[in-house]
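The values are calculated or read from the model by the stated rules, or taken from the named source; none is laboratory data. In this text the structure is predicted, and so the values were computed from the model without any measurement. All Cβ positions, even for glycine, are placed from backbone atoms using ideal geometry, and neighbour counts span all protein chains on display. Remember, those area values only see protein heavy atoms, side chains included, never the ligands or the DNA or RNA. Shrake-Rupley method; radii C 1.70, N 1.55, O 1.52, S 1.80 Å.
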Amino acid sequence: METPTGSAAGVVLVLFGGALLFWCAVEMRLRHRVRRHGVPVSARVVADEDLYGALDSAPLLSFATLPSVGAPGVSGASGGAVGSTGRGEVVLARPRGHTPLWRPSGLAIGSDVRVAYDPRRPGLVVLAAGEAGSTLASDVFWTLLGAGSLAGGLALLAFLAGR
């Protein structure tokens with residue numbers, strides 16, 4: 001492999017691997033924070049009315065938020081609010097970090113799942129740890145892909161620098 005081509009390939013692999021690792025770290029930290037400090041509720045998996053949304057492997061979840069005390073305008077907050085119930089709001093949202101190719105059987109339409117949401121942004125919802133759509137395998141895959149790309153790019157650049 002010629003030096004300019006190999007250097008470009010090494011730089012691309014390092015940038016891709018580094019960006020993927022950064023994205024994985026931010027996403028896992030966000031989901032961990034919401035699971036730890038978010039409000040736990042039970043959500044129901046609902047059917048998508050949108051044809052393209054029905055093809056999405058991440059389920060559409062419907063849940064009611066807890067009432068917020070002293071926060072004006074929360075019932076109209078962004079993040080999928082579809083109606084105010086007077087004490088909270090009904091939210092339609094897809095959980096973060098859900099990337100399998102097909103929906104697990106535990107997330108069938110009509111089933112109840114445990115979730116946690118961010119009270120400041122009710123549209124930010126994650127599945128509770130241990131639910132059917134757990135993202136551990138997906139997180140490991142993306143982390144290994146990022147680490148492998150980063151290591152491959154660094155090895156290629158080190159090999160070319162040693163020539």
Label-to-label distance, nm, for residues given as E27 and D48 (7 Å Cα→Cβ offset): 1.7
Ordering of 148-155, 59-66 by packing [mean C-beta count within 10 Å, highest first]: 59-66, 148-155
Whole-number accessible area per residue in Å² for segment 111-163, which is evaluated in the context of all protein chains at 1.4 Å: 53
Gain in span if fully extended, A9 to A158, counting 0.36 nm per residue against the direct Cα distance: 52.4 nm
Cβ-Cβ FRET estimate between I109 and S138, R0 fixed at 25 Å, reported to 0.05: 0.70
